[in-house]
Amino acid sequence: MRFLNQSTITDKRVIVRTDFNVSLNPDHTIANDIRIKMALPSLKYLLANKNKLILISHLGSPKKYDSALSLSGVAKDLQGLLPNSKITLVKDFRKEAHLFASQNSDEILLLENIRFYKEEYKNSLSFARELAFLADTYVNDAFSVSHRIHASIVALPKLLPSFGGLLLLKEITALRRLLDNPKKPFVSVVGGAKTATKIKLLEKLLKLSDYLLLGGGLANTFLKAGGSEVGQSLYDRSALKQARHLMLKQGAKKAQVILPTDAVVKTGKNQCALKETYDIEPGDKILDIGPVTRLEFSRFLQDASTIVWNGPMGYFEDPNYQKGTAAIFEAIAQNPHAFSVVGGGETLASLKTKKHLDHISHISTGGGAMLAFLAEGTLPGIKALS
Ligand code: ADP
Ligand code: MG
């Protein structure tokens, strides 16, 4: 497969699949345009080579047209970031052929939310063909959606000469460093809620890393699978069997799995308490890792040369239960020698207000896409480029 920087694409009509899936305020204005900013290197690179750009993105997961999920706000924001180009939002590319015919090289056409078309979700080849007619080259710069088998990600690159964008390249390069000969000791930290969606990742990390530290609701699932009382705690019933399996395999693999030994719990009487994880009562709810576990996990991270972290250590949305998640971040930020990768929707949300985010080597734009890439070594949208 080829990336943008390994080719000279000039004077072409280029479709760029970007990820403009920005977070929105309740009044539908843009809360954070970091995703738009991350697309700029590829866009500027292509513009400098006199290409005419046609941008495709989704926003949310609409079933049909929904004005709240229009890309009109994105178009405005992008206009501010690229003042030398004229950004035009194409409401329906099927009905506005004249816009493509008259496009100047200083004009960027942004197609309206591609998920307004149900064919996108179905990976429809005929829909992809309609898109392919608009351009003569395709670039995928949307790592975070590349695990989706959707028309603009998988079908479309099969119809046009295709390239990976600069953001896609950055993601692949960083994640490959975890998969190919990572420096030891390699410490993985996994938490969060949905254990079932992370089993494949855990299987992979069990082979790759030296220590696998588990926290959050995911650790509750493992505690429960091991026969411990977890009371009213969040755990994933559907993943108990796989969790038990994984613990049994442990010896045959490489990594040592480390579970929390203490926890911050909300008791049946609605009080906050510290407890050993073997001492949980039926009315208790484990909502964070405890101070001993924080210290233990931090020591592993201090000595690590390679680190990957996905998933909060507790219910961090409530300030009473955010110390565990904060401690993991601090430990990673304070290890200047390690190559560190952090990703996940809520994991990144938990870091929003942190200083020293630049002490992390790579912050992945992909939640599900990062998990899938680490588990499989590639993604459907990446495979489709070669
Ligand atoms: P990510 O998006 O980073 O991959 P997940 O989606 O798997 O993470 O899970 C994040 C959610 O898990 C957060 O909203 C957090 O509140 C919740 N969570 C983590 N640990 C606990 C816990 N012990 N009890 C309840 N919720 C938890
Ligand atoms: Mg999530």
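Can you tell me the length gained on complete extension of the stretch Ala48 to Asp66, counting 0.36 nm per residue apart and subtracting the Cα distance?
Between Ala48 and Asp66, full extension yields 3.0 nm more.
Could you sort the peptides 114-121, 6-13 by per-residue average Cβ neighbour count (10 Å cutoff), highest mean leading?
Highest-to-lowest ranking by the protection proxy: 114-121, 6-13.
Pull out the extension gain between Ser105 and Ser7, defined as 0.36 nm times the separation in residues minus the alpha carbon to alpha carbon distance; nm, one decimal.
Using 0.36 nm per residue and subtracting the Cα-Cα distance, I get 33.3 nm.
Placing unit charges on C-beta atoms (Lys and Arg positive, Asp and Glu negative, everything else neutral), compute the dipole magnitude of segment 185-321 about its Cα centre in debye, rounded to 20.
Taking the Cα centre of segment 185-321 as origin, the dipole is about 660 debye.
Along the charge dipole of segment 241-313, pointing to its positive end and built from +1/-1 on Cβ of Lys, Arg, Asp and Glu, which listed residue (Pro312, Gly290, Leu274) has its Cα farthest out?
About the Cα centre, the residue reaching furthest to the positive side is Pro312.
How would you rank 361-367, 80-86, highest first, on the average number of other Cβ atoms within 10 Å across their residues? Walk me through the numbers on the way to the answer.
Details: 361-367: 20.0, 80-86: 12.7.
Final packing ranking: 361-367, 80-86.
Along the Cα→Cβ direction, 7 angstrom out, place labels at Ile149 and Arg237. What is the inter-label distance in nm?
Label-label distance for Ile149 and Arg237, simple model: 3.0 nm.
If we count other beta carbons within 10 Å of each Cβ, what is the order of Asp279, Asp141, Asp262, Asp136, fewest first?
Placing the least packed residue first, the sequence is Asp279, Asp136, Asp262, Asp141.
Order of Phe143, Phe316, Phe3 from fewest to most other C-beta atoms within 10 Å?
Phe3, Phe316, Phe143
Taking the Cα centre of segment 247-291 as origin, sum charge times position over the Cβ atoms of Lys and Arg (+1) and Asp and Glu (-1), and report the length of that vector in debye to the nearest 20.
Details: 7 positive and 6 negative charges, 62 e Å.
Charge dipole of segment 247-291: 300 debye, to the nearest 20.
Starting at the first residue of segment 70-81, write each ³J(HN,Hα) from the Karplus equation 6.51 cos²θ - 1.76 cosθ + 1.60 with θ = phi - 60°, in whole Hz, x for Gly and Pro.
5, 8, 4, x, 5, 4, 5, 4, 5, 4, x, 7
Which of Lys200/Lys352; Lys158/Lys254; Lys76/Lys118; Lys207/Lys383; Lys63/Lys198 have a Cα-Cα distance over 29 Å?
Listed pairs above 29 Å: Lys158/Lys254.
Averaging the inverse of every distinct alpha carbon separation and then flipping it gives the Kirkwood radius. What is it for segment 1-87, in angstrom units?
Value: 14.1 Å, from the Cα pair sum.
From Cα pairs below 8 angstrom and at least 6 apart in sequence, can you work out the relative contact order of the chain, rounded to a whole percent?
The value is 16 percent.
What is the spin-label model distance, in nm, from Lys91 to Thr197 if the labels are put 7 Å beyond Cα along the C-beta direction?
3.5
Is there a quick way to get the dipole size of the chain? I mean about its Cα centre, with the Cβ of Lys and Arg at +1 and of Asp and Glu at -1; what is the value in debye to the nearest 20? Kindly include the intermediate steps, with their values, before the conclusion.
Numbers: 50 positive and 36 negative charges, 188 e Å.
Once rounded to the nearest 20, the dipole reads 900 debye.
What percent of all Cα-Cα pairs in the chain falls into each 20 Å bin, going from 0 up to the bin containing the maximum distance?
27, 50, 21, 1
With a ≥ b ≥ c the root eigenvalues of the C-alpha gyration tensor of segment 116-238, is it rounded (a/c under 1.5), prolate (a/b larger than b/c) or oblate?
In terms of gyration-tensor shape, oblate.
So what is the 222 nm mean residue ellipticity for the chain from helices alone, if each DSSP H run of at least 4 adds -39500 (n - 2.57) and you divide by all residues, rounding to the nearest 500 deg cm²/dmol?
The helix-only estimate for the chain comes to -9500 deg cm²/dmol at 222 nm.
Quick one: angle between helix 216-225 and the longest Cα principal axis of the chain, in degrees between 0 and 90, rounded to 10, please.
50
Let me know the shape class of segment 3-155, please: from the alpha-carbon gyration tensor, a ≥ b ≥ c as square roots of the eigenvalues, rounded when a/c is under 1.5, otherwise prolate if a/b is greater than b/c, or oblate.
In terms of gyration-tensor shape, rounded.
If amide H atoms are built 1.01 Å from N in the plane of the peptide, which residues on other chains or at least 5 residues away come under 5 Å of the amide H of Ile87?
Ile108
Going by C-beta contacts inside 10 Å, put Asp33, Asp92, Asp27, Asp19 in order with the fewest on the left.
Asp27, Asp92, Asp33, Asp19
Taking the dipole about the Cα centre of segment 74-167, with the C-beta of Lys and Arg at +1 and of Asp and Glu at -1, give me whichever of Leu167, Leu110, Tyr121 is farthest to the positive side.
Of the options given, the answer is Tyr121.
Roughly how tilted is helix 166-179, in degrees to the nearest 10 and between 0 and 90, from the longest Cα axis of the chain?
Relative to the chain, helix 166-179 is tipped by roughly 30 degrees.
Classify segment 299-383 as rounded, prolate or oblate from the Cα gyration tensor: take a ≥ b ≥ c as the square roots of its eigenvalues, call it rounded if a/c is under 1.5, otherwise prolate when a/b beats b/c and oblate if not.
Oblate is the answer for segment 299-383, as a/c is 1.5 or above yet b/c matches or exceeds a/b.
Please name whichever of Leu55, Met1, Gly80 sits farthest to the positive end of the charge dipole of segment 1-141, dipole taken about the Cα centre and charges placed at Cβ: Lys and Arg +1, Asp and Glu -1.
Positive-end residue among those listed: Met1.
Read the figures in this text as sums done on the coordinates, not as results from a lab. Quantities reported herein were computed from a predicted structural model and do not represent experimental measurements. Neighbour counts are summed over all protein chains in view; Cβ atoms, including those assigned to glycine, are modelled from backbone coordinates with ideal geometry.
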